[in-house]
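For reference, the structure is listed below as structure tokens.
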Amino acid sequence: MRIKSIVPYTFWWAAAVSFICSDRKAIFTESFSISSSGHHHRFTPKNAASKYLTHCGVRRMNSSRMSFHRRNTALSMKAMSPPPYPVRVTVMGGGNFGLALSTVVARKGVPTTLLVRSDDVASHINENHRHPRYMSDVALPRTVRATTDKKSALSDATYIIHAVPVQYTRDFLETVKDDIPPNVPILSASKGIETSSLGFMADILKECLGDDRSYAFLSGPSFAREICEGVATAVVIASEDMLLAEDLAELMSGEDFRVFTSRDVIGVEVGGAVKNVIAIAAGMCEGLGLGTNAMSGLVTRGCGEMRRLGIYLGARPSTISGLSGVGDTFGTCFGPLSRNRRFGYRLGKGESPDEIRASMSEVAEGVDTSVALVKMIKERCKGYRLDLKYPILFGVAEIIEGNMKPLEGLKGLMNFPTRMENYDERF
């Protein structure tokens, strides 16, 4: 009996060794470190065999047989190389969310470099462990080092976190792309749609940095200040490369910061973009003094438009109803720290979009995204009277462009023809 129980495990270890030995670049270390497609997976000997076999395209069905399957991603068969040690993370972007994610990673004991634009800002952070402008009352971990030197910040990074606003991303990446090592994975924390290309972050990153690396996308109800203050937060990381998503989740998760994973990149991106537009509408509702009933109805109907658009673009309904969709929408629409909600509130009070923009020191992503979103819907979505399918999204864009007043937009919504709540559902 003992011999029979040992045989399957001996077989799996032998299979793992044969796979490993077939690649001269693969090496054994005490923790059985493996790197694939530029990002780094660190396994313990206990689970090294099964995870390595799974990564190579071998799925264990039971103790006596295996099923070989072809993986569609281009990641599984790329050359392997040992990861740098220790793991190092570079965060591109010194705004509120860049500071928050730097804090998350540094609290896990990982050396973290913050790439900023100003030498004065970098010196202030390194000397005082605080940002001189953003959340200046919040102390950063001492393991966060700021610099303006792109080459030194990026050359030895194991993972790179992108926290630059969407509308500035393309120009920024053009200045750093030659300093980003090949195959190093990128985690994007930016949300929205680019006004020039009408593309999501996944489109922009691949156009600027190529398809030869893995990308992941973080979203969910996560205000930067609350993250820095250690308030419990839950987010989701989506990637076509689930090994990368799992590694990042393990890297960033802690007692106060919980990371879930998903394969639904488009669902996470749609939720992250649309929720900011809905938040502007919710802020206008509050600015007009319309009460809780109106705001609750508006946000709910906005989530319905998010679901409709997401499903049309290929998202899973469960993603839209999860952290990156409805969850992030609730936080942004009802949370006091939301820039997009504040922007909408001021619109409801009678200020013009230009006046509000001129007085804000931070970017409200939903403003530009609202206009880009309507253009994208008209370009990608087929159908008659799209404004009837997405009345809130179209209405916010009209108000941002100065073609309509907030109160006029609300009256337009209330005068819609009577119909089923979810008229596009067949059953």
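The values are calculated or read from the model by the stated rules, or taken from the named source; none is laboratory data. The model shown is predicted, which means the values in this text are computed figures rather than measured ones. Cβ placement follows ideal geometry from the backbone for every residue including glycine, while neighbour counts extend to all protein chains displayed. All accessible areas refer to the heavy atoms of the entire protein, side chains included, with ligands and DNA or RNA removed. Shrake-Rupley method; radii C 1.70, N 1.55, O 1.52, S 1.80 Å.
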Exercise for the section: Return the ratio Rg/(2.2 N^0.38 Å) for region 150-201, where Rg is computed over Cα atoms only. Expected result: 1.17
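Please sort by residue number the trypsin sites (Lys or Arg not before Pro) in region 350-411 whose DSSP state is loop and whose Cβ has at most 10 other Cβ atoms within 10 Å. Please report the intermediate quantities before stating the final value.
On the way: sites: Arg357, Lys375, Lys378, Arg380, Lys382, Arg385, Lys389, Lys411; in loops: Lys382, Arg385.
Here the trypsin sites (Lys or Arg not before Pro) that fit, given the DSSP loop and packing criteria, are Lys382, Arg385.
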Problem - Where labels lie 7 Å past Cα in the beta-carbon direction, separation of Phe260 and Met420 in nm - result: 2.8 nm
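Throw me the Rg/Rh for region 257-298, computed over C-alpha atoms with Kirkwood Rh, two decimals. Numbers along the way, then the final one.
Details: Rg = 14.3 Å, Rh = 12.2 Å.
Checking Rg against Rh, the ratio lands at 1.17.
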Fill in the blank from the handout: If the chain between Glu229 and Leu388 were fully extended at 0.36 nm per residue, the gain over the current Cα-Cα distance would be 53.0 nm
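If I stretch the segment between Glu355 and Tyr168 completely, what's the gain in nm (0.36 nm per residue apart, minus their alpha carbon distance), one decimal? Intermediate values should be presented prior to the final figure.
On the way: separation 187, 0.36 × 187 = 67.32 nm, distance 2.10 nm.
Full-extension gain reported as 65.2 nm.
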Practice task
May I ask for the distance between the Cα centers of region 211-287 and region 313-375, given as a whole number of Å?
Solution key: 15 Å
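So how strong a dipole does region 116-232 carry about its Cα centre when Lys and Arg Cβ are +1 and Asp and Glu Cβ are -1, to the nearest 20 debye? Kindly include the intermediate steps, with their values, before the conclusion.
Values: 13 positive and 17 negative charges, 48 e Å.
Charge dipole of region 116-232: 220 debye, to the nearest 20.
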Problem - Distance (nanometres) between label positions extended 7 Å along Cα→Cβ at Glu379 and Thr292 - result: 4.2 nm
Practice task
Please work out, to two decimal places, the log10 of the ratio I(q)/I(0) at q = 0.16, 0.19, 0.20, 0.22 Å⁻¹ from a Debye calculation in which every Cα of region 97-228 carries one identical scatterer.
Solution key: -0.84, -1.18, -1.29, -1.49
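So, R0 is 25 Å and r is the distance between the beta-carbons of Glu127 and Thr148; what FRET efficiency does that work out to, to 0.05?
0.95
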Problem - Å² per residue, accessible surface of region 102-169 at 1.4 Å - result: 47 Å²
Fill in the blank from the handout: About its Cα centre, region 313-427 carries a charge dipole, from +1 on Lys and Arg Cβ atoms and -1 on Asp and Glu Cβ atoms, whose size in debye to the nearest 20 is 280 debye
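Could you sort out which of Lys349/Lys411; Lys349/Lys375; Lys151/Lys177; Lys389/Lys411 sit more than 20 Å apart by Cα distance in this structure? Write down the numbers at each step before the final one.
Numbers: Lys349/Lys411 16 Å; Lys349/Lys375 27 Å; Lys151/Lys177 10 Å; Lys389/Lys411 17 Å.
With Cα atoms farther than 20 Å apart: Lys349/Lys375.
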